[in-house]
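Notes follow the structure.
The values are calculated or read from the model by the stated rules, or taken from the named source; none is laboratory data. Nothing here was measured: the structure is a model prediction, and the numbers come from that model. All Cβ positions, glycine included, derive from the backbone under ideal geometry; neighbour counts span all protein chains shown. Accessible surface is based on the protein model in full, side chains and every heavy atom, while ligands, DNA and RNA are left aside. Shrake-Rupley method; radii C 1.70, N 1.55, O 1.52, S 1.80 Å.
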Amino acid sequence: MHTVEKIGGTSMSDYESVRDNIILNPGASQFYQRVFVVSAYGGITDQLLEYKKTGQAGVYALFANSMVDTGWQQKLAELKQQLLDINTALFVEGELLEQANQFILTKLDDAEQCLLDLKSLCQHGHFELASHLSTVREMLASIGEAHSAWNTATLLQRDGVNAKFVDLTGWKSEQHISLDQRVQQAFAKLDLSSELPIVTGYAHSEQGLMSTFDRGYSEMTFSRIAVLTGAKEAIIHKEFHLSSADPRLVGEQNAVPIGRTNYDVADQLANLGMEAIHPKAAKGLRQQNIPLRVKNTFEPDHAGTLITGDYVSESPCVEIIAGCKGIYALELFDQDMAGNLYQYEREVLEVIARFKGHIVSKDMNANTLTHYLSANLKTVKRIRAAMEARFPEAEINQQRVAIVSAIGSDLKIPGILARTVQAIATRNISVLAMHQSMREVDMQFVVNEADYDVAVKSLHAALVEVHNHGQAICLAS
């Protein structure tokens, strides 16, 4: 009867809060019978790979984009110093600091030598760098979680906890095994009644975790551990509550934590880039009926948000107003599309998938396909160029927009769409497109990016009323 808990990167950067609010929290029902899966310290994975929000190159991106430039080595040297500074802040001085530095320096030096050897190898005509890049990405990603997990386990041991560093990264592993096998092997040796596992969020597998889940890999590790060990509850500790809207937009006095919701709502949030959990990670929890709780590290006494598969609000209501800016609407118009929509859609989706563009939403009519993409401008330009080459007679346009969504576990409210549109119209906001599916868990509105903040405020004011701490009054039909 244990829990499996994941600690996010921002929370990991505050060891004392993690220790006092999560590990040693006096409100915890028991000290052990818990498993902790940890992310890299805040911002470290960005520097190892690329910056998630801006697309700025990290070590991986610099290495991948040039066979000649040595910028990746400079970036790696800067990162090495930052990781040593983190160690100094945590351990201050002494033998533990020396051990911590030795642990991470060994990994960084090994990684640098691997990259240099690979560069040298790929100067020969029979070897191509591109065929090895997925492995490079996996290797670099693993360093951040190994660093934070080793540090946390060592610090907890210093502070009187029988913590165990559980390394799933497969560093110098002699065999390639599946994710499930790696988890099962690691946990076969653990006694959860007297040991507290601190587990790397990255886990090496023969399939490659990042090739499927990319930056959501730590959530997949967390999910599989919960499923394979039969956890009674999965818990994610973040630096914020899952609230009815962004408090920075609607005001802290108006946005409150959502007490209950379901995995459908969590999927909608993930699609907008506001992940409570990666949808593929949520799938395993949902299938095994494992509830997921999202908690705020810095408010440990708050119960947080409980997410289950079967929850439906007592009466239909809007639970959350969420959205995303920086979306590109990529519109393809072709007179020949009428009556041949399937072929156009299939080929456009193949192009978007080739460049790994994330589709937030789409709409279509007889001769027009529009995909709303969460991607940087460089990726969008590549997608557009490929579409222009494939459909030379088509008219292709792109526009930067925002999407605002009203989400709830049950939106079967007569007239809710009309009321929602009215709430936006009263603020003189032009709706460029809107979507509501028959599943009735969300409504999406595409607006000009400049109107995003006002649209969120307006919808929250009109559709969500706050009552009691952590609960939302549902809009009665």
(message) Yes or no: segment 75-87 includes at least one residue that is more than 21 Å from residue 13 (Cβ to Cβ) and of a type outside the set (A, V, I, L, M).
(response) no
(request) Return yes or no: is residue 130 among the small types (Gly, Ala, Ser) and either in contact with a Ser or Thr (Cβ under 9 Å, 6 or more places away or on another chain) or under 20 Å from residue 37 (Cα atoms) (or both)? (result) no
(request) Filter segment 190-213 for residues that are open to solvent by 60 Å² or more (accessible area, probe 1.4 Å) and in contact (Cβ under 8 Å) with a residue 40 or more places away in the chain and give the result. (result) 193, 211, 212
(request) Among the residues of segment 133-163, write down those that are touching a Leu at 6+ places or on another chain (Cβ under 8 Å) and within 18 Å of residue 57 (Cα to Cα). (result) 136, 137, 138, 140, 141, 143, 144
(message) Checking the conditions here, which among 406, 455 is at pLDDT 90 or above, in a strand (DSSP E or B), under 27 Å from residue 305 (Cα atoms) and open to solvent by less than 30 Å² (accessible area, probe 1.4 Å)?
(response) 406
(message) Can you say whether residue 446 is within 30 Å of residue 50 (Cα to Cα) and aliphatic (A, V, I, L, M), as far as the supplied structure shows?
(response) yes
(request) Can you give me the number of residues within segment 277-293 that are surrounded by fewer than 23 Cβ atoms within 10 Å (Cβ to Cβ) and among the aliphatic types (A, V, I, L, M)? (result) 1
(request) Out of the residues in segment 409-421 that are out of contact with any strand residue (DSSP E or B) (no Cβ under 9 Å at 6 or more places or on another chain) and either part of a loop (DSSP other than H, G, I, E, B) or under 25 Å from residue 274 (Cβ atoms) (or both), state the one that is least open to solvent (accessible area, probe 1.4 Å). (result) 415
(message) Conditions first: (1) in contact with a strand residue (DSSP E or B) (Cβ under 6 Å, 6 or more places away or on another chain); (2) modelled with pLDDT under 95; (3) open to solvent by less than 40 Å² (accessible area, probe 1.4 Å). Residue 372 passes all but one, so which condition is the exception?
(response) (2)
(request) Report, ordered by the first and then the second residue, all pairs with beta carbons closer than 9 Å, sequence separation of six or more or different chains, a first member in segment 426-451 that is touching a residue at least 12 places away in the same chain (Cβ under 8 Å), and a second member that is outside any loop (DSSP other than H, G, I, E, B) and among the basic types (Lys, Arg). (result) 427/457; 435/362; 448/400; 449/325; 449/400
(request) Could you run through segment 220-274 and say how many residues are under 21 Å from the mean Cα position of the chain (by Cα), open to solvent by 20 Å² or more (accessible area, probe 1.4 Å) and aliphatic (A, V, I, L, M)? (result) 4
(message) So, in segment 361-397, how many residues would count as being assigned to a strand (DSSP E or B) and under 16 Å from residue 349 (Cα atoms)?
(response) 12
(request) Being closer than 16 Å to residue 266 by Cα, modelled with pLDDT of 90 or more and buried (at least 16 other Cβ atoms within 10 Å of the Cβ) narrows it down to one of 327, 320, so name that one. (result) 320
